[in-house]
């Protein structure tokens, strides 16, 4: 056996030993599509299941400083509008699941969030980064997109957006 053949055989043996079944199998990543995916807690959610109601998609990340700042206002918006038939769904962008769950717990986020680790949903809605809001009408069509979310939109403007989607006169809600 030549020296180079011996080296190749040795390399093949090391490679097969390193790739053997002694290592734990890596579970497949959850499948996120443009229309939904698993929440941070594992429940499947389809954005299309909200048809018939206005929906606010909230794009956020635990790594996003402005997302931390605006979450109390979003919690209040949820408390105001959810009983009136508006659905809220978080889209957690490019995040670590443990950090995202900690964000939700620490900031008392009341609505579910889809873990969009590969930005599949964000790309579908043309969202380059968090924070951002997408308002969907009763038919699931985009009524408005706000990049920068509550950093560029006042609470009054948010409320006007929702009352328009509900087809009701604007109030000071």
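Points worth noting:
- Considering only beta bridges that DSSP places wholly inside segment 55-166, some 50 percent are antiparallel.
- Take 89-101, 152-164, 108-120 and order them by the average number of nearby Cβ atoms within 10 Å per residue, most first; the result is 89-101, 108-120, 152-164.
- Counting every alpha-carbon pair across segment 55-166, the share separated by more than 22 Å comes to 24%.
None of the figures in this text is laboratory data; all of them are computed from the coordinates on show. Since this is a predicted model, take the numbers as computed values, not measurements. Counting neighbours? That spans all protein chains shown, and the Cβs are built from the backbone with ideal geometry, glycine included.
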